[in-house]
Amino acid sequence: MSSDPQKRTIANKRNLKHTTSAGRASVKGRSIGRRLCAFLHSGDDGQAVVEIALMLPAVLVLLSGIFSAGLFLSNQQALTQAVGIGGNVLAADRMNSTNDPCLDVYTAITTAAPQLTPSRITLTVTMNGTAVTAKTCSGDGTADLVEGTSASVAATYPCPLAVIGVSVVPGLNCTAKVTEMVY
């Protein structure tokens, strides 16, 4: 080897062309699998990947739960507002000529809450102390609507609270009830 310092530096650079400044072997000429193994086993870089792999499922479960709770609250709010509208329709339905206040209330509720599946809504209409749990009233339903008495509308809607497709609270229902004075 030459005693010239510049030539020694060039010779050292040639010998170190397959190592990095940290002393690790370079990835030149390696397969993807070997590169991944070298990445995972080299210092703190692999630790970050392992931490992400461990925390990602927990974060996804948390996000799924937040999304599911949001849907539950949205359905509850829609049902509550729709039942309020149905109660207003029932209170004013005494003068309506359709003679089926239960159907009028059901139509008002399904129209006010289009995001709810109409066939899954369970409706109970109470007029002058008589409760009807159906979408239509049998006979002359307006006979039970007496001015000055109270009429109430109650509805339930299944609102499953599920996290990643697994029901956390099975049989959970959204419920709403309103009582109005018939005029």
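The values are calculated or read from the model by the stated rules, or taken from the named source; none is laboratory data. Note that the structure is a prediction, hence the values are computed from the model and not measured. Note: ideal-geometry Cβ built from the backbone for every residue, glycine included; neighbour counts use all protein chains shown.
Entry remark, the range 109-128: residues being at pLDDT below 95 and crowded, with 17+ Cβ neighbours inside 10 Å number 3 in total.
Return the residues of the range 33-92 that are among the polar types (S, T, N, Q), modelled with pLDDT under 90 and either touching an Asp or Glu at 6+ places or on another chain (Cβ under 7 Å) or part of a helix (DSSP H, G or I) (or both); say none if nothing qualifies.
Q47
Contact map, the range 167-183: first residue in contact (Cβ under 8 Å) with a residue 12 or more places away in the chain and in a strand (DSSP E or B), second residue loosely packed, with under 13 Cβ neighbours inside 10 Å and of a type in the set (V, I, T), Cβ cut-off under 6 Å, separation 6 or more or different chains; the map is empty.
Picking from residues in the range 97-137 that are of a type in the set (V, I, T) and assigned to a strand (DSSP E or B), the one that is farthest from T149 (Cα to Cα) is T122. So if I check each of V105, V169, which one is exposed (fewer than 14 other Cβ atoms within 10 Å of the Cβ), of a type in the set (A, V, I, L, M) and touching a strand residue (DSSP E or B) at 6+ places or on another chain (Cβ under 6 Å)? Residue meeting the stated conditions: V169.
Check V146, V59 and return the single one that is within 33 Å of the chain's Cα centre (by Cα) and surrounded by fewer than 19 Cβ atoms within 10 Å (Cβ to Cβ).
On the way: V146 fails: within 33 Å of the chain's Cα centre (by Cα).
Exactly one residue qualifies, and that residue is V59.
Do we find a residue being farther than 30 Å from N173 by Cα, at pLDDT 65 or above and not polar (S, T, N, Q) anywhere in the range 8-31? Yes, the range 8-31 contains a residue that is farther than 30 Å from N173 by Cα, at pLDDT 65 or above and not polar (S, T, N, Q). Look at L79 and say whether it is touching a residue at least 12 places away in the same chain (Cβ under 8 Å), touching a helix residue (DSSP H, G or I) at 6+ places or on another chain (Cβ under 6 Å), surrounded by 13 or more Cβ atoms within 10 Å (Cβ to Cβ) and not polar (S, T, N, Q). Answer is no for this residue.
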